[in-house]
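The values are calculated or read from the model by the stated rules, or taken from the named source; none is laboratory data. Bear in mind the structure is a predicted one, so any value in this text is a computation, not a measurement. Note: ideal-geometry Cβ built from the backbone for every residue, glycine included; neighbour counts use all protein chains shown.
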Amino acid sequence: MALFKNVDGTRIQMTPKEEAEVQERDAEWAAGADVRAAEEVRDERDTLLVASDWTQVADAPVDQDAWADYRQELRDVTSQETFPSEVTWPVAP
């Protein structure tokens with residue numbers, strides 16, 4: 001399939017070298033999809049951990065064992081078999 005570029009408002013077919021460069025760039029982007037997805041999951045996990053830090057204070061009025069288990073499950077999301085494409089998030093107590 002031919003690729004085109006816009007030069008001063010005119011649609012021009014790319015040279016074979018330009019097409020190869022675009023295809024290489026697209027392949028590199030696609031290859032990095034899992035890395036980007038893993039980063040997004042880790043960011044979400046870290047946000048949830050920070051939001052639940054208060055539950056581990058000695059006098060927090062919560063079931064600390066349940067919250068500790070939840071927080072461990074958050075840390076373990078990166079060990080799930082389908083990580084990073086599909087993550088099953090634990091439910092907070």
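Before moving on, here are some points about what is shown:
- Residue in the range 16-32 that is out of contact with any Gly (no Cβ under 6 Å at 6 or more places or on another chain) and under 30 Å from V91 (Cα atoms) present: yes
- The single residue among A60, A51 that is modelled with pLDDT under 95, surrounded by fewer than 14 Cβ atoms within 10 Å (Cβ to Cβ) and either over 15 Å from the mean Cα position of the chain (by Cα) or closer than 28 Å to D34 by Cβ (or both) turns out to be A60.
- When A38, A30, A92, A2 are screened for being under 22 Å from the mean Cα position of the chain (by Cα) and surrounded by fewer than 11 Cβ atoms within 10 Å (Cβ to Cβ), only A30 passes.
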